[in-house]
Each structure stands twice: as structure tokens, then as C-alpha cells.
Amino acid sequence: MATISEERYVSASPDEVYAVVADPALMATLSPECYRVQWLDDATGPQVGARFRGFNRNGVFRWWTTATVTTADPGRRFAYRVSVLGAAVSEWSYDLEPQGEGTLVRESTTDQRSPLFATTSVLGTGVRDREARNRAGMRTTLERLAALAGTPS
């Protein structure tokens, strides 16, 4: 699968948006698939090399992944690589561009699974069309992000 992206305008500054997207535990509350996150190895925040575990669900299916932060550039970009038991799954990123009084947020993911892993992953996740599932999930997550970060305080 190629890289897919979705964009959404958020009426908050890039730094305010970054504070949300670089907090995986908070982002889990916005995601339709990931429902909980915990930092690993004594990590407490978004820095390159920090790892976190994501707990995911799809109906009766439950699984976890491990993510490693690859970019933590406040106000600009947050990215991480996802694996399962050491096997590459995907790379996710949030690119933030100032736009007027707010921020254009671009959420992207690149599927990095091997062909065999891509074929068999449906057994553990119940997801047959990962690209369609990710695209729909990204739209939902960005809509919820805009509602959360764009809310005046």
C-alpha cells in the first residue's frame, strides 16, 4: 500500500495542535481503533527514540503494537514507526502547517508490512481492507482533533 494522507484545518496554533498529536494517550481518545496507549522504557513524553504501546480494537478483535518516535519537532511534525513483535507494520506522521489563525494538519500513514504479513494480519485484526480502514479512521481522528484543539479555552 502506498502512503495515504488526510488533511483538516484546525482553528488552533501549530504548537497547540502539536501538544495534542504528540501525546499518544490523548490521541487514543480521538481514534476509532486505538483505545489506550502507555509509554514504555520509562519514557514520559514525545522524544525521538521513545517507545509506546498502542492497544487497538475492531469489534471482538483486540491487538497491541509497539511504536517508536522517529520525529518530534514541536509545532511542525510528529512521527512514529509501528511494529508487532519486531515486524514492521507502518509509519504514521502528523505534519502541521500554519494557515491563517490556525493549522492545516496532515495525517499520513505508510503500510510497511511484508506481503505475507499484510495477507495474514486480517486474522488478528479482522480488517480486510487496511487502506480503507485507515483512511476512514484518519478522517474521524482529524474531525475529533479539530473539535478538541479548536475549542476556545
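The values are calculated or read from the model by the stated rules, or taken from the named source; none is laboratory data. Worth saying up front: this structure is predicted, and the values here are computed from it rather than measured. All Cβ positions, even for glycine, are placed from backbone atoms using ideal geometry, and neighbour counts span all protein chains on display. Only protein heavy atoms, including side chains, enter the accessible area calculation; ligands, DNA and RNA are left aside. Shrake-Rupley method; radii C 1.70, N 1.55, O 1.52, S 1.80 Å.
Brief remarks on what is shown
- Under the condition of being within 23 Å of Glu97 (Cα to Cα) and surrounded by 15 or more Cβ atoms within 10 Å (Cβ to Cβ), the residues counted in segment 30-55 number 3.
- Residue ranges of helices (runs of 4 or more DSSP H) in segment 52-153 with at least 3 members within 16 Å of the chain's Cα centre (by Cα) and under 27 Å from Tyr9 (Cα atoms): 130-149
- Residues within segment 1-27 that are in a loop (DSSP other than H, G, I, E, B) and touching a strand residue (DSSP E or B) at 6+ places or on another chain (Cβ under 7 Å), tallied: 6
- Among residues of segment 68-97, those that are modelled with pLDDT of 95 or more and out of contact with any strand residue (DSSP E or B) (no Cβ under 8 Å at 6 or more places or on another chain), counted: 2
- Residue within segment 115-125 that is in contact with a Ser or Thr (Cβ under 7 Å, 6 or more places away or on another chain) and surrounded by 15 or more Cβ atoms within 10 Å (Cβ to Cβ) present: no
- Failed item in (1) over 22 Å from Pro32 (Cα atoms); (2) open to solvent by less than 40 Å² (accessible area, probe 1.4 Å), with Tyr80 passing the rest: (1)
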